[in-house]
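Input: a single structure, listed below in structure tokens.
The values are calculated or read from the model by the stated rules, or taken from the named source; none is laboratory data. Source: prediction; values computed, not measured. In this analysis, Cβ positions are derived from the backbone assuming ideal geometry, glycine residues included, and neighbour counts consider all displayed protein chains. Calculation scope for accessible area: heavy atoms of the full protein, side chains included, ligands and nucleic acids excluded. Shrake-Rupley method; radii C 1.70, N 1.55, O 1.52, S 1.80 Å.
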Amino acid sequence: MRKKIVAANWKMNLNLEEGKKLVDGIIAGMPTLNEQKEVVIAPPFVHLAQTAGQLQGKAHIYLGAQNCYSETAGAYTGEISASMLKSVGTAYVIIGHSERREYFKEDNAMLAKKTDQGLANGLKVIFCCGEPLEVRDADTQNAYVEKQIKEGLFHLDAAQLKNIVIAYEPIWAIGTGRTASAQQAQDMHAHIRAVIAAQYGKDTADNMSILYGGSCKPSNAAELFACADVDGGLIGGASLKADEFLGIIDAMIKA
Ligand code: 13P
């Protein structure tokens with residue numbers, strides 16, 4: 001059975017004090033989760049050690065990072081390696097967010113290397129994909145996302161794929177208030193699962209968690225998470241307020 005996951009991506013928001021308060025608020029309101037349901041919190045790098053301390057001993061709630069570098073170690077000023085992330089207690093790393101692809105020119109070849117770094121250091125990878133508006137308007141989103149997945153992930157074997165979570169985030173829905181309809185999300189998630197099944201078999205595809213991201217809020221989470229192939233969400237803006245994030249976790253539990 002695949003897991004349901006709600007993951008917070010704080011992006012470049014909150015100072016240390018604000019981050020501490022937010023995590024305290026989430027922990028205080030956190031419902032009981034079981035083995036099949038997980039929460040991930042991915043703050044900026046400078047928060048990781050603090051957040052790790054706050055999450056210590058808390059079941060089913062994991063620390064995530066928003067990025068890692070594509071090399072192991074060395075003269076890469078300003079970069080953070082996957083092994084450093086692991087050493088502070090990080091369990092997940094987000095790779096290939098559309099903001100990394102767009103503003104930092106990260107292409108699928110680099111993202112494949114970053115994915116390898118994450119896996120080699122014992123991290124689970126939340127691999128992001130998603131199309132821009134012009135691709136959606138041209139109705140070529142399936143081929144676009146398929147290419148991102150093939151070039152980013154298909155060098156992995158089936159055992160490695162067990163540590164991959166895919167997040168589908170249509171760029172036109174990120175931070176815009178314009179959510180993909182439940183049907184649009186379901187159609188793409190089913191397509192992604194079929195792409196995985198064609199390469200790795202049905203079992204691997206059925207066991208993969210595929211998250212939706214893009215203006216997901218407490219008010220629309222239940223409808224999105226009710227879709228057969230939507231296994232939770234990657235949450236930006238609504239993850240910065242404890243009550244909103246807890247509302248989305250609640251929707252995941254009830255789905
Ligand atoms: P919003 O929830 O703010 O639209 O952001 C989604 C996202 O990019 C999460 O990674």
Problem - Accessible area per residue, Å², the range 117-241 with all protein chains present, probe 1.4 Å - result: 39 Å²
Completion exercise
Expected max-MSF residue from M188, M84, M110 in the GNM of the chain (alpha carbon, under 10 Å) is M84
Exercise for the section: May I ask you to give the percent of accessible area on the chain that is carbon plus sulfur, with a probe radius of 1.4 Å? Expected result: 53 percent
Completion exercise
Summing -39500 (n - 2.57) over every DSSP H run of at least 4 in the chain, dividing by its residue total and rounding to the nearest 500, the 222 nm mean residue ellipticity is -13000 deg cm²/dmol
Completion exercise
Label model pair Q183, N207: point-to-point distance (7 angstrom along the Cα→beta-carbon line) in nm is 3.4 nm
Completion exercise
Distance in Å, no decimals, from the C-alpha centre of the range 1-68 to the one of the range 165-188 is 22 Å
Handout entry: Proportion of all alpha-carbon pairs of the chain beyond 23 Å (%)
Key = 46 percent
Problem - Cα shape, the range 128-255, gyration tensor, a/c 1.5 rule - result: oblate
Exercise for the section: Let me know the shape class of the range 1-48, please: from the alpha-carbon gyration tensor, a ≥ b ≥ c as square roots of the eigenvalues, rounded when a/c is under 1.5, otherwise prolate if a/b is greater than b/c, or oblate. Expected result: oblate
Handout entry: Surface accessible to a 1.4 Å probe, per residue, for the residues of the range 11-92, Å²
Key = 51 Å²
Practice task
Decide, for the range 36-138, between rounded, prolate and oblate: order the square roots of the alpha carbon gyration tensor eigenvalues as a ≥ b ≥ c, take rounded if a/c falls under 1.5, and otherwise choose prolate if a/b is larger than b/c, else oblate.
Solution key: oblate
Practice task
Would you list, by chain and number, the lysines whose Cα falls below 18 Å from the Cα of K113, excluding same-chain residues fewer than 8 positions away?
Solution key: K86, K105, K124, K147, K150, K162
Completion exercise
the range 107-141 and the range 189-235 have their Cα centres apart by a whole-number Å value of 15 Å
